[in-house]
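Rule-based calculations on the coordinates, nothing more; no lab input. Being a predicted model, the structure only gives us computed values, none of them experimental. Cβ atoms come from the backbone with ideal geometry, glycine included; neighbour counts cover every protein chain shown.
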Amino acid sequence: ETKTVLVDGDVNNEGSYSQAVDYIREGQVVAFPTETVYGLGADAMNADAVAKIFEAKGRPTDNPLIVHVDSKETALEFVEEVSDKALQCMDAFWPGALTLIMHAKPDTFATNVTAGLSTVGIRVPDHPVALSLLKRLKQPIAAPSANKSGKPSPTLAEHVLFDMNGKIPFILDGGPTKVGIESTVLDTTSSPPVILRPGQVTKEQLEQVIGTVRLSSETQGNTPKSPGMKYAHYAPSAPLYLIEHNSKLIEKAIDHIHGKSKKIAVLSREDFAAADYLFPLSVDKLYDSLRKCDQTDADLILACVLPEGENAALMNRLEKAADHKWFS
Ligand code: TXA
Ligand code: MG
């Protein structure tokens, strides 16, 4: 009962967009592509509609959603005490994979969007389908990633359908998402600003524009500032373990697991002929690879650890998917 419609540049998509707009105006939930991952969108001013997002995902209600808008100008209608650094980030990175946490104007968004916080996370997605939808709707869309809570985020419309079939009425299929992991989340209400979730926009890129930026791991105490940080994430069904990227070590691990008559899936950039299943390890393929593991009878998954630096965001997601477990 969930309908998927293809929206690409070659056909007249007016009918598809107006259906999506109608559903959202009626208080329904619609999945749509962004450049990072697919989102599960509802009218950010309609608490009943937003409640349907939490229900469809099985998401804890204390984990706030990201609000998507069509431009900087629209964003500024809904926030106050915006710092100069936040404004500089908007100019430098929007539209794009950067969510800015700012002070929300009171009584604008439905309270369940922000999980009761006085701050809100906002971004302008860099995707023609998301922007077309926002421009037609003329209303901010609250949208978390369109996966079941705890599962890998969807980078294909098929992933959304797999998790949401029968739970939502409509999916706009814009093909594979380019980036493949969720946006960088930057808290601009603290000084210096803090990266609550690493993503495609890196610490170095941010620092070139606004100076010193901290990583939340450096500041985080017992109460995570980003409520989403404390929950299990991106977990495939079989147990996933991190392993050093060392061919000998990995071959030995495969032998050891086969010795116990178990099947193994490996996520790596290298070929391991002995592995029962081998899936690519890259930012744009990570979630698809994790989901593909679920389609196999692998008893165990090994993921090769890549050097930090340019792989920081990828490793952040992989460590969470493994719940920080190392193979030994
Ligand atoms: O790329 C993305 O950001 C995707 C696409 C659909 O835009 N969305 C996404 O949303 O990943 P979600 O809900 O899966 O992740 C939102 C993250 C969570 O970790 C949440 O805790 C954090 O942003 N967040 C949202 N509002 C916040 C706030 N006011 N303060 C701190 N963290 C917040
Ligand atoms: Mg998510």
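Below are the figures for this structure:
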quantity	calculated
Restraint check, K148/K178; K167/K263; K52/K135; K72/K138; K262/K292; K285/K325, Cα-Cα greater than 25 Å	K167/K263
Average projected area [Cα convex hull, segment 1-117], square nanometres	8.4
Net charge of Cβ neighbours under 14 Å - reference L76; Lys, Arg +1; Asp, Glu -1	-4
Candidates A274, A86, A313, ranked by Gaussian network fluctuation over the chain, Cα under 10 Å, top entry	A274
Per-residue [θ]222 nm for the chain (sum of -39500 (n - 2.57) over DSSP H runs n ≥ 4, rounded to 500)	-8500 deg cm²/dmol
Inverse of mean 1/r across different Cα pairs in the chain, Kirkwood, Å	20.4
Along each principal axis, Cα extent of segment 57-216, largest first, Å	45, 34, 30
On Cα atoms only, tilt of 84-93 relative to the major axis of the chain in degrees	70
Residue among L249, L281, L100 with the largest mean-square fluctuation in a Gaussian network model of the chain, springs linking Cα atoms under 10 Å	L249
Sequence of W94, W326 once ranked by neighbouring C-beta atoms within 10 Å, starting from the fewest	W326, W94
Residue-by-residue Karplus 3J(HN,Hα) for segment 173-190, coefficients 6.51, -1.76, 1.60, Hz, glycine and proline x	9, x, x, x, 7, 6, 6, x, 10, 5, 4, 5, 10, 10, 7, 9, 8, 10
Interchain or long-range residues, amide H under 5 Å from L267's placed H	F279, L302, A303, C304
Residue-wise HN-Hα coupling along segment 21-36, computed from phi with Karplus coefficients 6.51, -1.76, 1.60 (Hz; x: Gly, Pro)	4, 4, 4, 5, 5, 6, x, 9, 9, 10, 8, 8, x, 10, 5, 8
Cα centroid separation - segment 1-44 against segment 141-189, whole Å	12
Phi to ³J(HN,Hα) by Karplus 6.51 cos²θ - 1.76 cosθ + 1.60 over segment 280-297, Hz, x for Gly, Pro	x, 10, 7, 4, 6, 10, 4, 5, 5, 4, 4, 5, 5, 4, 5, 8, 9, 9
Neighbour-count ranking [beta-carbon atoms within 10 angstrom, fewest first] of Y38, Y17	Y17, Y38
